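One structure is given here, and the rest of the page talks about it.
Throughout, read-outs are computed from the coordinates displayed, never taken from laboratory work. None of these values were measured; they are calculated from a predicted model. No Cβ is skipped: glycine too gets one built from the backbone with ideal geometry, and neighbour counts run over all protein chains shown.
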Amino acid sequence: MKPPLLTVDGLTVLFRTEDGPVLAVDAASFDVAEREVLAIVGESGCGKSVTALALTRLLPGSASIGGSVSLTGRSLLSLGESQLRDVRGRDIAYVFQEPMTSLNPVLTVGRQIGEVLRRHQGLRGAAVTRRATELLDMVGIPLPGRRVGEYPHQLSGGMRQRVMIAMAIACRPKLLIADEPTTALDVTVQAGILDVLRDLRGEIGMAVLLITHDLGVVADIADRVVVMYAGRVIEQAPTEQLFAHHGHHYTHGLLDAVPNPARHAEGGLREIPGRVPTMRSSPDACTFADRCGSADDTCRTARPDLAPGPAGHLVRCWHPLQPANAVLPADIGEGPR
Amino acid sequence: MTLALEVVDLVKHFGPVRAVDGVSLTVAPGEVLGLVGESGSGKSTLGRCVVRLLPVSAGTVRVNGRDIAGLSRRRLRPLRRDFNIVFQDPASSLNPRMTVGDIIREPLRLHRIGTATTRRRRVDELLDQVGLQTDVGRRYPHELSGGQRQRVSLARALSAGPTLLVADEPTSALDVSVQAAVLNLIGRLQADLGFACLFVTHDLAAVEFLAQRVAVMYLGVLVEIAARSNLFSAPRHPYTQALLSAAPIPDPLLQRRRRRVVLTGEIPSPVNPPSGCRFHPRCPVAVPECARTVPPLRPVGPARELVACHLVHDDGSGPRLA
């Protein structure tokens, strides 16, 4: 078997804040294979975005990063800043949620895409504009020859996000990290962006690490899913397997909390009582224990490992759900009072 | 029967921007009408006109049979206890310097409802109804989570006992698991208290969960109104079909089998909306007629549901895009 494109092993991110340390990512480990779309899902504060940024050390100085990240066998966290700059944009590119805050409002679209081409590919002059126009065409922007000379404010939100993707794929990266790329967009626009990501994966053979809270998007595009909760990876499975045979009680709660037109929830949506805890350090316990209806003393006093569960995929739970019996009515209680 | 809300030919222009351009809809007492649309459709503007947070440019807004569109602020004030609104972001719609109890009490005080003692009791009762403990009343909004703050917004909106609640994207700023709790709560409160609700959102799944009827807005006008189950199982307007097909279903087996209606182009500017049917430049099945005449919102099919499309026949049949 081919080695994975990206290997993340024991990634830990600790922020020093005025209120003391915050453990944002707690020994996260996962792989991304070539041409794979891996989704990291979770709610606010679960550590998914910090994980994405930590991969190329795009974090402020208050963060200390531990563990290892390697791209095609090359360790990224030990690289110097200038070497990392070569990796960012060339081997690993990012697309963020809000394109307007990621684009420079006073530079034309062509100029901004050109910056990547100049920096990493040494293109100059008319070749830059030509290539930028090609890239805009690749991401489905109509009239790319005209758009290349326009400013971000002249474009709609969907078009701006396409520009961000054009910029990200300018150097045919091996890995595109897309952090909530469609969250700020309308659904009809989102559908177009997801199509672009899908097409590009085939065209330039890149893998996509998709950070999202939207299980609909995950169902649409992801090959595999990593579920994060309170800084830890708590479940990891191929997409269909995760939706059908999830083992973690949190994953179960999350899936049932989403209104699903295909599966009427007449009795109300499932609520998960309580809130996501902020971790100061890594507890010897399951971080979901306080909100889980199936938790017992083991859950509160011993840390579960991410290990193969009843359905065969990785689950971090002392009492994982059985695949044939993935719906236990009593495992998550009524809403908070 | 007096309708809880009756909007007739409502127009709201911001200078040259025709945000709402002739919308008529009704909400029956105790009914939840979902109003869906994408950015720029005018759905939030409509919601704000309904509660007169924005003055209307033309048209009628009747709440319990009384036209409030043209009333002066002074004459409107006593009527305001009958309707209220909940916003998307509770952090920016709750006064940070007031305690939760004072926030919820404010409408009672303004409308001179009850005495100090009964108001205090009413605040406790409301906190309980929205699933908060009574000691939350002594806390400030910044001490609460997003979901708790949205519960406070609901308690405030409902404290004077309105017959109509406008909910403008009430769950869009919340996390998935918190959204579920707030949607459940709105459904439960609505069933218990019986107010009518105009539920404005871009979240089709939330509407499907909560609304009995659904109105779909595109570029300032309504394109379709139908019972929830009919709209989701057999959308008639091409735009409704495209919108529903674009929203991914959180089920990989189903989602990957679905056929999607891909729209070309972008939502046009509301300054110069397209001629005829506003959706025609992006509509995959448009015919020349669509660019020429505006399709009226007219009743079709056995249930006489409303759709504005030249291509939908009187019996409700019409183009199927996916």
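The figures follow:
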read-out: Residue that is in contact with a strand residue (DSSP E or B) (Cβ under 9 Å, 6 or more places away or on another chain), surrounded by fewer than 17 Cβ atoms within 10 Å (Cβ to Cβ) and hydroxyl-bearing (S, T, Y), where the choices are B:S57, B:S44; value: B:S57
read-out: Selection count, the range A:164-220, where residues are within 14 Å of chain B (Cβ to nearest Cβ), of a type in the set (V, I, T) and either more than 17 Å from the chain's Cα centre (by Cα) or part of a helix (DSSP H, G or I) (or both); value: 7
read-out: Filtered residues of the range A:77-124 (kept if among the hydroxyl-bearing types (S, T, Y) and more than 18 Å from A:G149 (Cβ to Cβ)); value: A:S78, A:S82, A:Y94, A:T101, A:S102
read-out: The range B:226-238, subset in contact with a helix residue (DSSP H, G or I) (Cβ under 8 Å, 6 or more places away or on another chain) and either over 28 Å from A:F243 (Cα atoms) or surrounded by fewer than 23 Cβ atoms within 10 Å (Cβ to Cβ) (or both), residue farthest from the other protein chains (Cβ to nearest Cβ); value: B:R228
read-out: Any hit, the range B:43-51, residues being in a loop (DSSP other than H, G, I, E, B), under 19 Å from the mean Cα position of the chain (by Cα) and either more than 14 Å from chain A (Cβ to nearest Cβ) or of a type in the set (S, T, N, Q) (or both); value: yes
read-out: Conditions (1) within 14 Å of another protein chain (Cβ to nearest Cβ); (2) buried (at least 18 other Cβ atoms within 10 Å of the Cβ): number failed by B:C290; value: (1)
read-out: Helices (runs of 4 or more DSSP H) lying entirely in the range B:219-322 (those with 1 or more residues that are touching a residue at least 12 places away in the same chain (Cβ under 8 Å)); value: B:228-233, B:238-246, B:288-292
read-out: Residues of the range B:259-281 that turn out to be touching an Asp or Glu at 6+ places or on another chain (Cβ under 9 Å) and either hydroxyl-bearing (S, T, Y) or within 9 Å of chain A (Cβ to nearest Cβ) (or both), as a count; value: 3
read-out: Options B:R74, B:R112: the member that is in a loop (DSSP other than H, G, I, E, B) and exposed (fewer than 14 other Cβ atoms within 10 Å of the Cβ); value: B:R112
read-out: Identity of the residue in the range B:170-190, of a type outside the set (S, T, N, Q) and more than 12 Å from chain A (Cβ to nearest Cβ), that ends up nearest to the chain's Cα centre (by Cα); value: B:P170
read-out: Residue within the range B:86-99 that is closer than 17 Å to B:G137 by Cβ and of a type in the set (A, V, I, L, M, F, W, C) present; value: yes
read-out: Answer residue from the range A:268-289, given it is within 14 Å of chain B (Cβ to nearest Cβ) and without any contact (Cβ under 8 Å) to a residue 24 or more places away in the chain and is nearest to A:D26 (Cα to Cα) among those; value: A:R275
read-out: Boolean, B:V300 is more than 30 Å from A:V217 (Cα to Cα), buried (at least 16 other Cβ atoms within 10 Å of the Cβ) and aliphatic (A, V, I, L, M); value: yes
read-out: Test: residue in the range B:173-190 that is closer than 25 Å to B:L46 by Cβ and assigned to a loop (DSSP other than H, G, I, E, B); value: yes
read-out: Within the range A:204-223, tally of residues that are in contact with a strand residue (DSSP E or B) (Cβ under 8 Å, 6 or more places away or on another chain), surrounded by 22 or more Cβ atoms within 10 Å (Cβ to Cβ) and not small (G, A, S); value: 10
read-out: Output for the range B:125-151, where each listed residue is among the hydrophobic types (A, V, I, L, M, F, W, C), without any contact (Cβ under 8 Å) to a residue 40 or more places away in the chain and part of a loop (DSSP other than H, G, I, E, B); value: B:L132
read-out: Pairs, first closer than 17 Å to A:T183 by Cα and within 14 Å of chain B (Cβ to nearest Cβ) in the range A:42-68, second surrounded by fewer than 15 Cβ atoms within 10 Å (Cβ to Cβ) and β-branched (V, I, T), C-beta under 8 Å, six or more apart; value: A:G45/A:T278
read-out: From B:L164, B:L193, B:L198, B:L222, residue being more than 14 Å from every other protein chain (Cβ to nearest Cβ), touching a strand residue (DSSP E or B) at 6+ places or on another chain (Cβ under 8 Å), among the aliphatic types (A, V, I, L, M) and surrounded by fewer than 24 Cβ atoms within 10 Å (Cβ to Cβ); value: B:L164
read-out: Flag for A:S82 being surrounded by fewer than 19 Cβ atoms within 10 Å (Cβ to Cβ), of a type in the set (S, T, Y) and under 30 Å from A:H252 (Cβ atoms); value: no
read-out: Selected residue (only one of B:L183, B:L126 is crowded, with 20+ Cβ neighbours inside 10 Å, more than 26 Å from B:A205 (Cβ to Cβ) and aliphatic (A, V, I, L, M)); value: B:L126
read-out: So A:S70, is it farther than 30 Å from A:V258 by Cα and over 13 Å from the mean Cα position of the chain (by Cα); value: yes
read-out: Unique residue being over 26 Å from the mean Cα position of the chain (by Cα) and buried (at least 22 other Cβ atoms within 10 Å of the Cβ) when the list is B:G101, B:G147; value: B:G101
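This table checks each residue for (1) of a type in the set (G, A, S); (2) within 25 Å of B:T45 (Cβ to Cβ).
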site	(1), (2)
B:A242	yes, yes
B:D251	no, no
B:Q255	no, no
B:V261	no, no
B:I267	no, yes
B:V271	no, yes
B:H280	no, yes
B:P284	no, no
